[in-house]
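Engineer: Have a look at the structure that comes next, please.
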Amino acid sequence: MATESTQPGFGQGPGQRPTASPEAAARARTAHYRHFARRRETPNLDAATLAQGLGWFSVALGAAAILAPRALGSAAGLGRETRGMVRSIGVRELATGVGILSQRNPAAWLWARAVGDVVDLSLLLTGMRPGSPGRGRAAFSFSAVAGLLALDALAASHLTKHAGHPLVSGVAAPTDLYFETSIATAKPPEECYRFWRNIENLPRFMENLESVQALDERRFHWVAKGSAATTLEWDCEITEDRPGAALAWRTLNGAQVPNAGSVIFESAPQGRGTIVRLSIHYSPIGGQLTSALATLLRLDPQTQVREDLRRFKQLLESGEIATTQGQPTGRRTFIGRAARRWRLTSSN
């Protein structure tokens, strides 16, 4: 099933076994960036980065308005009677900030933030009336909010205009994340490669993967477990195939979980097995905020992939994956022994 590439690299010469040189290994490790690198050429990158900054600013401003409404209102040139209104503005800012950070294309939340800026400007006009003690501070705050309104409108219009662009609608987004992990196994690189290249083996050690179906020699359809008993599906293609050395892949356009990655099989020192290095670049569903919460709960893909590699090592070396299912715990064993001793004592 393995398809040998005709491209040079990995120290492969005529009649030689492919070996992963440091230069070629680095090229394979970053091969999956090729399909994400196009984002630098897209017109939405600056707007997306700006949207992320505006989102975090909204979260910070909202928290400050909720926790210290009097101080913030005074700094903005507003009177004490507006404390309740400042706190409601804080709730609005916090909600829009979370909305901006949690969406792949936050154009709608940015427009909502722009509408809120208009409301804030009308409020600041009341503090700029002649004779108002905070008139100067209100004027400065008015200018600052007007500038934020311009930035919100710019980012929102840019993301709305390019909402159909593939790099906004799912292939790559400003919330892309990257990580690397590795594991050592006693098996040689060729055997590790053959096991991994047989794509049907992947669901055997990838816990959240339900099935992988070959569409042809280089394209595959993946089905994975989602949240709340749902499934996620996507198509991917192999972009690098170096028998005995490395594999790299990327998802095709329209994937529910855009991702790309590479796995490199390096000979361990003195030929004692293989070091398997796995690199993943992906767009988490819900953005970086959701990914951060998942990390705290140890449900993030990086933790899952580490466990998948551990199962890969066990399956390759012993032919099975160790599990504790169906085995009694130490607590139950202790209680059972205590109960048996009590029965023996009471019977005597």
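No value in this document is a laboratory result; all are computed from the given coordinates. This is a predicted model, so every value here is computed, not measured. Every residue, glycine as well, gets a Cβ built from its backbone with ideal geometry; the counts of neighbours run over all protein chains shown.
Engineer: Whole-Hz ³J(HN,Hα) for each residue in the range 206-216, computed from phi via Karplus 6.51 cos²θ - 1.76 cosθ + 1.60 with θ = phi - 60°, x for glycine and proline: what do you get?
Structural biologist: Here the 3J(HN,Hα) series is 8, 4, 8, 9, 8, 7, 9, 10, 6, 8, 7 Hz.
Engineer: With only alpha-carbon atoms in the gyration tensor, what are the semi-axes of the equivalent ellipsoid for the range 188-240, in Å, largest first?
Structural biologist: Semi-axes from the Cα gyration tensor: 22, 14, 7 Å.
Engineer: Could I have the simple spin-label model distance between Arg80 and Ala214, label points 7 Å from Cα toward Cβ, reported in nm to one decimal?
Structural biologist: According to this spin-label approximation, the distance is 7.8 nm.
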